[in-house]
1. What FRET efficiency, computed as 1/(1 + (r/R0)^6) with R0 = 45 Å and r the Cβ-Cβ distance, is obtained for ALA205 and ILE65, rounded to the nearest 0.05?
2. What does the charge dipole of the chain about its Cα centre add up to, to the nearest 20 debye, if the Cβ of each Lys and Arg holds +1 and the Cβ of each Asp and Glu holds -1?
3. Measure off 7 Å from each Cα along the Cα-to-Cβ vector at GLU175 and ALA229, then give the distance between these two points in nanometres to one decimal.
4. Rg (Å, one decimal) plus Dmax (Å, integer) for the alpha carbons of region 223-279?
5. For the chain, what does -39500 (n - 2.57) per DSSP helix run (n ≥ 4), summed and divided by total residues, give at 222 nm, in deg cm²/dmol to the nearest 500?
6. When a/c is below 1.5 the answer is rounded, else prolate if a/b is larger than b/c, else oblate, so apply that to region 7-170 with a ≥ b ≥ c taken from the square roots of the Cα gyration tensor eigenvalues.
7. Going 7 Å from the Cα of ALA194 toward and past its Cβ, which residues in region 224-259 have a backbone nitrogen under 15 Å from where you end up?
8. When the chain is fully extended, how far beyond the present Cα-Cα distance does LEU72 get from ALA43, taking 0.36 nm per residue of separation?
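The values are calculated or read from the model by the stated rules, or taken from the named source; none is laboratory data. Here the structure is a predicted model, which means the values were calculated and not measured. Don't worry about glycine lacking a Cβ; one is built from the backbone with ideal geometry, like all the others, and counts go over all protein chains shown. Calculation scope for accessible area: heavy atoms of the full protein, side chains included, ligands and nucleic acids excluded. Shrake-Rupley method; radii C 1.70, N 1.55, O 1.52, S 1.80 Å.
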Amino acid sequence: MDPIESIAVLRRARAALSGSVGFVPTMGALHRGHLELVRRAAAEQQHVVVSIFVNPTQFAAGEDIARYPRDLARDLAALADERVSLVFAPQVAEMYPAGATTRIDVGPLATRLEGAHRPGHFIGVATVVAKLCHIVAPDALYLGQKDVQQTLVIRRMARDLDLPVQVIVCPTVREPDGLALSSRNAYLSPAERALAPELFAALAAAAQRFAAGERRADALRGLIRRHLAASPAIAVDYVSVADPVELHELDGLVAHAVVSLAATIGRTRLIDNIVLGAP
Ligand code: AMP
């Protein structure tokens, strides 16, 4: 399938689709995590639209957007086996023509955790997803739990801006050793790749302790930090046990929480999360 680069052409092709449309926004370098979103959308909607766009506005200052993996031909080959009606792969100038200065800021939720470590990141995310939703006009948006704060930010943006779109969050797809699939895993050297499963192992240890009755937020954070401290090559950015709506750090006892972490291994920053006590 030929990707569509132009907003006008995409709008016309979208208007010609009859029935419901599920939309999967991506930055390409597609892996099984992305494909599971496509499959879920295909199972639930009559049409699936996928976007492939490495969004410059969500890279914070100093982050190396030039290094982000790009392989459109490979991505299109991966999508050829899926039930996808349209692929939208615009150039940066199509999405952000000179003089485009409007940005969407969902407020304090976007300044915590990833937002604190990547200033402006979620302004870029909210802006591009709002634009894509206006262009694609989907009935439902399919997002991965892997990026939990992103799901909360986009849900908030969709609600606050009255976007007529359902936000559907799909489970994190993992390697057999627990490492969450990510386009950034390709940056890991073999030695770094061997260490990377410790991130999920630390979260899983906290889940196990929670299942055994531990409810103190501090104890859970401490357990994860101690687990990761056993691997000095893992530099922890944050370990969070937070409420699942605002992502406020929890004190005292935990009933329901998002447990998330970010860490750098070598030059590669990875994130992961689990949810405890889901209602
Ligand atoms: P990205 O291309 O990294 O911007 O991701 C595009 C979408 O795929 C986002 O909704 C991500 O949360 C989702 N995604 C990325 N990795 C995974 C994964 N391992 N499992 C499930 N969804 C994922």
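1. 0.85
2. 60 debye
3. 2.7 nm
4. According to the Cα coordinates of region 223-279, Rg and Dmax are 12.4, 37 Å.
5. -11000 deg cm²/dmol
6. Rounded is the answer for region 7-170, as its axis ratio a/c remains below 1.5.
7. Counting backbone N atoms under 15 Å from the label point, the list is 231-234.
8. Length gained, LEU72 through ALA43: 8.0 nm.
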